[in-house]
Every structure is written in C-alpha cells, then in structure tokens.
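A short worksheet on the structure shown next.
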Amino acid sequence: MPGIVSPGFFGRRHEGGQALPPGQYLVRDFPVLSAGPTPRATPDTWEFRIIAETGEQRTWDWAAFRALPAVDVTVDLHCVTKWSKLGTAWRGVSVDVLVEGIETNAEYALVLSYGGYTTNLPLRDLLGGLAWLAFAYDGSDLTPEHGGPVRLLVPHLYLWKSAKWVRGIDLRTTEQRGFWEQLGYHNYGDPWLEQRYSED
Ligand SMILES: Nc1nc2c(c(=O)[nH]1)N[C@H]1C(S)=C(S)[C@@H](COP(=O)(O)O)O[C@H]1N2
Ligand SMILES: [Mo]
C-alpha cells in the first residue's frame, strides 16, 4: 500500500535510489567545521558584493539583502569528512536573484568569506536554483558557528563549498582555486561521485 512512509522521510533520492552518497554516514546533530576562528560579521557591518570580470559590481548591505525575495529550502548536507545530515531546513536568497542582470561571460566563481576563507566552483553550479545565500536555519537566525549572519548553501557539492560568513563572489573567466582546493581537495567535489581529493 503506497503512501505510508512519506517519500521525503529519507531525504531526496539520487538517481541510484540512495539517500546517502558513497562512503557517507548519517548524523542527527549538526557538527561545526571551521578552518579558523569564527569571524565577527554582524548585520550592521555586513556587506555582500558580486564583482564581474568586466569590473561591474553590485553591493548589498543587510537591509538591501533582506529586502530581496527569500525562499525556504530543505536539503541534504554531505561533508567530505563523511558525515551527512538529511532534510536540513534553511531560508535564504537564491543566487539567481543576486546575479540577475549582471553582464558576464564568466564560467567560474570564487566565493569569498569574512575571515579569508575562499572556495571555487563553476558559475553554473551557483545558478538555476542550485545555491542560496542562507540567513536562517531551522526557523532561527543562522548562528555564528554555522556561518551567520549569512552563508552560501550549495548542497549538491561537498559542504566545504558552502562558504560560511560569505561576503562576496568574484565572477571569473579563469579558474582560481579556493582554500581547500589549493590544499588538495577536489576541484569540483561531487559527493555522488566521491570527488573528495584532487586525485579522485
Ligand atoms: N568561511 C568558512 N566557510 C566554511 C568553512 C570554513 O572553515 N570557513 N568550512 C567548510 C567546511 S569544510 C564544512 S564541512 C562546512 C561546515 O559547516 P558547518 O560548520 O555549518 O557544519 O563549512 C564550510 N564552509
Ligand atoms: Mo568539510
């Protein structure tokens, strides 16, 4: 008899019918992983900037950012250190909304955080409803240890791509590797292909 177990219960299924990418295990808590101290970024000083390869820039302060249309998203998180958390609930602004109308030929993005963390990905992986600037988690303001006031959320890639304390995105015609990518993590980081390290 269909419909007894909600299909959402185990999280969204990948094509293979699995909820968990290879090599991952489930956690119920929400681990904190930061490469350095938690930077002080507060709404009164927070700014977010997109810079295109042409030099065109857009900047939002907190009020302008929060005036943008926001959406609720429920997604699964997969960390390269092998924990996965299914069905996490966020509220944020789609990156599509921020990039809309910017003239660019860029194929690459370098994401910049307060505190100096960076991560890189193809620009198309930030667009088409795949990525958000998240400011709330589980119905509350995003806490500093999880990247508040705002973090990037790119759940289809390993979680190191989801930069906490995000402050900007550079749109680039050439690729520049970010913090973990320079240290030997995979350049793309698809959890379903187990792209953990650069040789994977
Ligand atoms: N700015 C910044 N963003 C970051 C990190 C970091 O050290 N600094 N760590 C990354 C890594 S490796 C992971 S697994 C996730 C962890 O997010 P969490 O602490 O909310 O679980 O944040 C990612 N984003
Ligand atoms: Mo990570």
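Step by step: first the residues of the range 141-152, then only those that are more than 10 Å from ligand 1 (Cβ to nearest atom) and in contact (Cβ under 8 Å) with a residue 12 or more places away in the chain, then the one that is surrounded by the most Cβ atoms within 10 Å (Cβ to Cβ). Which residue is that? Per the criteria, the residue is VAL150.
Listed here are the residues, each with its yes/no results for (1) part of a strand (DSSP E or B); (2) surrounded by fewer than 18 Cβ atoms within 10 Å (Cβ to Cβ).
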residue: LEU157; (1), (2): no, no
residue: ALA163; (1), (2): no, no
residue: ARG167; (1), (2): yes, no
residue: GLU175; (1), (2): no, yes
residue: GLU181; (1), (2): no, no
residue: TYR188; (1), (2): no, yes
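Across the range 152-180, the qualifying residues are those that are closer than 15 Å to SER113 by Cα and charged (D, E, K, R), and the one among them that is farthest from ligand 2 (Cβ to nearest atom) is ASP170. Are any of the residues in the range 153-173 polar (S, T, N, Q), closer than 25 Å to GLU100 by Cα and under 15 Å from the mean Cα position of the chain (by Cα)? Yes - at least one qualifying residue is present in the range 153-173. The single condition among (1) under 19 Å from TYR137 (Cβ atoms); (2) in contact (Cβ under 8 Å) with a residue 24 or more places away in the chain that GLN24 does not meet is (1).
Restricting attention to the range 51-58, does a residue exist that is assigned to a strand (DSSP E or B), out of contact with any Phe, Trp or Tyr (no Cβ under 9 Å at 6 or more places or on another chain) and of a type outside the set (Asp, Glu)? Among the residues of the range 51-58, at least one is assigned to a strand (DSSP E or B), out of contact with any Phe, Trp or Tyr (no Cβ under 9 Å at 6 or more places or on another chain) and of a type outside the set (Asp, Glu), which makes the answer yes. Counting only residues that are surrounded by fewer than 17 Cβ atoms within 10 Å (Cβ to Cβ) and more than 12 Å from the chain's Cα centre (by Cα), give me the strands (runs of 3 or more DSSP E) lying completely in the range 76-140 with at least 1 of them. Filter on the range 76-140 gives 83-94, 118-122. Selection of the range 40-63 for residues being surrounded by fewer than 17 Cβ atoms within 10 Å (Cβ to Cβ), farther than 13 Å from PHE135 by Cβ and either of a type in the set (A, V, I, L, M) or within 16 Å of ligand 1 (Cβ to nearest atom) (or both) yields ARG40, GLU47, ARG49. When the range 153-198 is filtered for residues that are β-branched (Val, Ile, Thr) and within 12 Å of ligand 1 (Cβ to nearest atom), the ones remaining, listed by number, are VAL154, VAL166. As for the range 90-107, it holds no residue that is within 16 Å of ligand 2 (Cβ to nearest atom) and farther than 23 Å from ALA67 by Cβ.
Values in this text are rule-based calculations from the coordinates and carry no lab data. On a predicted model such as this, the values are computed, not experimentally measured, just so you know. Neighbour counts are summed over all protein chains in view; Cβ atoms, including those assigned to glycine, are modelled from backbone coordinates with ideal geometry.
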